[in-house]
Amino acid sequence: MKFLRDLLDKQKPLFEKGGKLESLYYAFEAGETFMFSPKHTTGIKGAQVKDAIDLKRMMITVVIAMIPCLLFGMYNTGHQHLLATGGTAGLWENFGEKLGTGAFLVLPIVLVAYAAGGMVEAIFAIVRKHPINEGFLVTGMLIPLVVPATTPLWQVALATVFAVVIAKEVFGGTGMNVLNVAMTARAFLYFAYPAQISGDQVWTYLGDKMPVDGFSGATALSVVYNAGVDGTQSAVEALASHNTALGSGLYEFTNLFIGWIPGSIGETSTLMALVGALILIGTGVASWKIIFSGFAGAYIMGFVMNLFSVNEYMSLPPQYHWVMGGLAFGIVFMATDPVSAAQTEVGKWIYGLLIGMLTVIIRVTNPAYPEGIMLAVLFMNVFAPLIDYYVVKANKTRRLQRATV
Amino acid sequence: MGRFSKAHSSKTDMSKIVKLKKGFDINLVGKAKQELADFAPAQTFAIKPTDFIGLQRPKVLVNEGDTVKAGTPILIDKALDQVMYAAPVSGKIVEVKRGDRRKLLEISILADATIDHEQLGAVNIASLDRDALAAKLAASGVWPNIIQRPYGIVANPTDTPKSIFISAFDTHPLAPDYAFALQGQEKYLQAGIEALAKLTSGKVHLNVDGSKPTPSVFADLKGAQVNKFSGPHPAGNVGVQIHHLDPMNKGEIAWTVSPYGLAQIGKLILEGVYDASKIIAVTGSELTKAAYVKTYMGASVSTFVKGNLNSGHVRVISGNVLTGEKISLEGFLGFYHNQITVIPEGDYYEFMGWAKPTTRLSYHRALGLLSFLTPNKEFVMDSNGRGEERAFVQTGVFESVTPMDILPVYLLKAIMAEDFDEIEELGIYEIVEEDLALCEFVDVSKHPVQELVRKGIELIQYS
């Protein structure tokens, strides 16, 4: 690697103060520190040694935790395609073809998200003269995982640029943002281009093929919602009998849990989200409190709905909320974003719990939004500082009371 | 005590037992062997005004070429001029070193072969009133050992503190074992406690390590409330202990003294001399021989380090790796430091250093950080900065190494924003740099935490 180092050392003066390309220093720096961790040492005073962790390593841990979701999502995209077009029956038949189709659809989305977002990052870093933020390593992977594989690439690019600029850079970059950047990207698509990210037609890639007779592209969430409106059969029955044209049990609990269902690329599999959660909690990168209380909140609210049971949706066994839609993915990867989440330990419990509860409330009671996790996370992002405010205030009050006793 | 601090304490006969869970022990290679090394004695000694935080207007009382005795005043702070900063040894003033804008850096003394002390007269504590005792201590050279909370500055002899705290153990990396370093000093420690008891309106607290039997040097001391603290670092930090015993509130003043300082005070009381001799730990992975050595405050470290190195490119630290200060090979031991630590200098690039699996010490377990698998291993750590400074991203980590009911990130952000009310309300009176030093170590975003703490203290102190 010496030749690389020599090359960098040779070019470095160009980018440093007084060099020709001084204005591009932070772009150079990003590349340099990506390849070589810097050689600067600790100061004269203060801690003389530092922990081996840095932000890059932390961020890449999150990216690694998403890989199971990404791989599963790619395969499932191909699987759903063949299933809907009558190309296969078994899960593991046509393995290569499914993975190929999935990769063909998903990888360009990943690339576009990284390229578009990276470009915005670089421009802002150069103009605003701050280092390029590692946070984008995560955002660039999150955005592809929360959109359907059929999303037009230009929309991916547009949403990414919008989210990085409006949700992050205007606040000062990673660490300063209020909203989760990836969720903002998804919300942008949802409200700007609803035709490509909602309804029954976008979740399964059909390509130029015709779907099999009796195919329905509806997601589990909309099936359950319609069951609630119809009231002719229970929500669980409606799920079980849905889309039998593709084989029975598509929306049975186990299948929903594993994730062999249509949906956004990375969010269909609760199982893979839990694998990610295991990585994030095991490495200590994400707060287990948020994840645990998020799932608990959804269950509790599902249970409360059961108590009222005004319609079939409200009677749905609470555990179904865990496996339908993007709840698991959202709680594991979006709610735990440390910057936009509550930052106090007590606050994390409240924040997670409310995200879970709100998601179920939106799902069950709001006809406009079949999925609630996106809005619940964004809503709680906005409220996280308020939760923290009261937790911090309690800390101050304890200190003050002590003084006056 | 805060509802959320994971400590539980119980009262037995007034003294407290506090078990702390939060914190982190940094185990390093190069622990001092419990023996006195026969290093060549240090020749020169220095008083560095920069060691005394809050010393505002230093005035040198001697000139180059003057001869002094141990205990001769050589420096005062014109803002607190009853406190004398005395020569630790007898000898000749060889240099009064100044830096930019004539900032006073060092007053160095070439020591005599045998140390001659100023005879200040033994003190009968009972016969002096409080103020006379304080004045006596202030004039003798031992006073700067007494530190005021809040702010961590040299105490003002005219204040009466609500209590005085002594931490009888040091949990910093490679810290000296007081039981060894202070052996035989029992009677001086006892006299020191008696003197301090007279200076406070409250109690003298002696906080011992609750995880092992109290060493004999502290076991029989009387006149102090003995409290037991156990847990990982920073359980030995006096600031943490104060938080759990009698926390600092706005407007209150407490004092702290290290056992080294306590022994000095006791020696002045009993023998009437300023004896700055002390046994320090010479530690660190880069030393061939890590052991204790008997010397004086402000010793030049070169004779302990040169010829004792097993590698060439090193950093010499006065103090420990968390709160110490980088000095040169010819540098001097800091006034408050009882150890030197020698580690490798870390000025190297590392290819893909942020992604490679590593066995380097980390409090975290993120991808590729493997040190959590070997919790009892002793590590070699160098001075590499380990990545660039970033905005705060990760949360909850600082809290997990701070065994106090304090929210470090909020406090630090308030300091950055210079929000005076917030700084005060979030607990600036309860901390000094060392209490959040672990935060600086574990920080993913590499903030200069200790520098910020001092900035926050100064904002409040001088507002």
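Taking a ≥ b ≥ c as the square roots of the eigenvalues of the Cα gyration tensor, the stretch B:109-161 is oblate, since a/c reaches 1.5 or more and a/b is not larger than b/c.
Of the listed pairs A:Lys39/B:Lys31; B:Lys103/B:Lys267; A:Lys12/A:Lys45, which have alpha-carbon separations greater than 30 Å here? Pairs exceeding the cut-off: B:Lys103/B:Lys267. Backbone geometry of the stretch A:325-336 corresponds, through the Karplus equation with coefficients 6.51, -1.76 and 1.60 at θ = phi - 60°, to 3J(HN,Hα) couplings of x, x, 4, 4, 4, x, 5, 5, 9, 9, 5, 8 Hz, x marking Gly and Pro. Summarising the amide proton neighbourhood of B:Phe24: residues at separation of 5 or more, or on other chains, whose placed amide H is nearer than 5 Å comprise B:His233. Scanning residues 5 or more positions from B:Val314 or on other chains, those with amide H under 5 Å from its amide H are B:Glu345, with H placed 1.01 Å from N in the peptide plane. In the stretch B:303-448, Cα pairs under 8 Å separated by at least six residues give a relative contact order of 20 percent.
When you filter the trypsin sites (Lys or Arg not before Pro) in the stretch B:17-66 for DSSP loop state and at most 15 other Cβ atoms inside 10 Å of their Cβ, you are left with B:Lys21. When the Gaussian network model of chain A links Cα atoms closer than 10 Å, the mean-square fluctuations of A:Lys168, A:Lys98, A:Lys393 top out at A:Lys393. Beta-bridge orientation, chain B: approximately 70 percent antiparallel, per DSSP, counting only bridges with both partners inside.
Please report, ordered by residue number, every helix of chain B (full DSSP H runs) that is 27 Å or longer along its axis going by C-alpha atoms and whose mean Kyte-Doolittle hydropathy reaches 0.5. Helices passing the filter in chain B: none found.
Above 40 angstrom, tally the Cα pairs of chain A and express them as a % of all pairs, no decimals. Considering chain A, 22 percent of its Cα-Cα pairs are separated by more than 40 Å.
Compute the Cα gyration tensor for the protein assembly as shown, then decide on rounded, prolate or oblate, letting a ≥ b ≥ c be the square roots of its eigenvalues: rounded whenever a/c is under 1.5, prolate when a/b is larger than b/c in the other cases, and oblate in all that remain. Cα axes put the protein assembly as shown in the prolate bin. Averaging the Cα positions of each part gives two centres, and for the stretch A:5-46 and the stretch B:205-263 these lie 46 Å apart. Rounded to whole numbers, the Karplus 3J(HN,Hα) couplings from phi for the stretch B:112-128 are 5, 5, 10, 7, 9, 9, 5, 8, 9, x, 5, 10, 9, 4, 5, 8, 9 Hz, using 6.51 cos²θ - 1.76 cosθ + 1.60 with θ = phi - 60°, and x at Gly and Pro. Among beta bridges identified by DSSP and lying wholly in the protein assembly as shown, the antiparallel ones come to about 70 percent. Both radii come from the Cα set of the stretch B:385-463: Rg as radius of gyration, Rh as Kirkwood radius; their ratio Rg/Rh reads 0.94. With a cut-off of 8 Å between alpha carbons and a minimum separation of six or more residues, what is the relative contact order of the stretch B:385-463 in percent? Relative contact order here is 38 percent.
Which of the lysines could be linked to B:Lys16 by a straight reach, that is with a Cα gap under 23 Å, when you skip same-chain ones fewer than 8 residues away? Leaving aside lysines fewer than 8 places away in the same chain, those within reach of B:Lys16 are B:Lys6, B:Lys162, B:Lys198, B:Lys203, B:Lys212, B:Lys222, B:Lys228. Footprinting exposure proxy ranking of A:Tyr26, A:Tyr390, A:Tyr369, fewest other C-beta atoms within 10 angstrom first, gives A:Tyr390, A:Tyr369, A:Tyr26.
Proximity of backbone amide H atoms, modeled 1.01 Å from N, is registered between B:Ile253 and B:Lys162 at under 5 Å, excluding neighbours fewer than 5 places apart on the same chain. GNM remark for chain A: springs join alpha carbons under 10 Å apart, and the peak mean-square fluctuation among A:Ala394, A:Ala384, A:Ala157 falls on A:Ala394. In terms of packing, defined here as the mean over residues of other Cβ atoms within 10 angstrom, the peptides B:203-210, A:350-357 line up highest first as A:350-357, B:203-210. Sequence-distant contacts, meaning Cα pairs under 8 Å at least 6 residues apart, place the relative contact order of chain B at 19 percent.
From the largest down, the stretch B:44-118 spans 34, 26, 18 angstrom on the principal axes of its Cα atoms. Taking each DSSP H run with n ≥ 4 as -39500 (n - 2.57) and averaging over every residue of chain A yields -19500 deg cm²/dmol at 222 nm.
Applying a DSSP loop filter and a limit of 15 other Cβ atoms within 10 Å to the trypsin sites (Lys or Arg not before Pro) in the stretch B:79-157 leaves B:Lys103. With N counted as the residues of chain B, its alpha-carbon radius of gyration over 2.2 N^0.38 Å works out to 0.95.
Just so you know, all these numbers are worked out from the coordinates, no wet-lab data involved. Predicted model, so just to flag it, every value in this text is computed and none were measured. Reconstructed Cβ throughout: ideal geometry from the backbone, glycine too, with neighbour counts over all protein chains shown.
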